[in-house]
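Written below as structure tokens is the structure these notes are about.
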Amino acid sequence: RPRSKEELSNLQHAQARNCIERIFGIFKRCFRTLLCPPEFDMNIQARIPSSLCMLHNYIWMHDP
């Protein structure tokens with residue numbers, strides 16, 4: 001158990017990071033294009049994760 005506010009913050013940060021790393025692992029398995037470096041403008045690259053998340057959820061809901 002965390003004994004201070006800093007330890008609690010570090011614990012929450014580590015849990016969030018693990019969750020995000022798991023999500024990107026799923027995305028890399030589903031969308032192989034993420035395995036190579038993108039050649040897009042930075043504005044487009046910033047939109048890719050949320051777009052893939054939306055696409056993944058759509059596929060998951062409509063194609064069980």
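The values are calculated or read from the model by the stated rules, or taken from the named source; none is laboratory data. Bear in mind the structure is a predicted one, so any value in this text is a computation, not a measurement. Every residue, glycine as well, gets a Cβ built from its backbone with ideal geometry; the counts of neighbours run over all protein chains shown. Note: areas computed on protein heavy atoms with side chains; ligands, DNA, RNA excluded. Shrake-Rupley method; radii C 1.70, N 1.55, O 1.52, S 1.80 Å.
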Ile26: passes all of (1) of a type in the set (A, V, I, L, M); (2) open to solvent by less than 60 Å² (accessible area, probe 1.4 Å); (3) modelled with pLDDT under 90 but (2)
Being farther than 23 Å from Trp60 by Cα and of a type in the set (Asp, Glu) narrows it down to one of Glu21, Glu39, so name that one. Glu39
On the given criteria, is Pro37 open to solvent by 100 Å² or more (accessible area, probe 1.4 Å), without any contact (Cβ under 8 Å) to a residue 60 or more places away in the chain, on the phi < 0 side of the Ramachandran plot and in a loop (DSSP other than H, G, I, E, B)? yes
Checking the condition in contact with a Lys or Arg (Cβ under 9 Å, 6 or more places away or on another chain) and either open to solvent by less than 100 Å² (accessible area, probe 1.4 Å) or assigned to a helix (DSSP H, G or I) (or both), which residue from Glu7, Glu21 passes? Glu7
Of all residues making up region 36-49, the number that are modelled with pLDDT of 90 or more and either polar (S, T, N, Q) or in contact with a Lys or Arg (Cβ under 7 Å, 6 or more places away or on another chain) (or both): 1
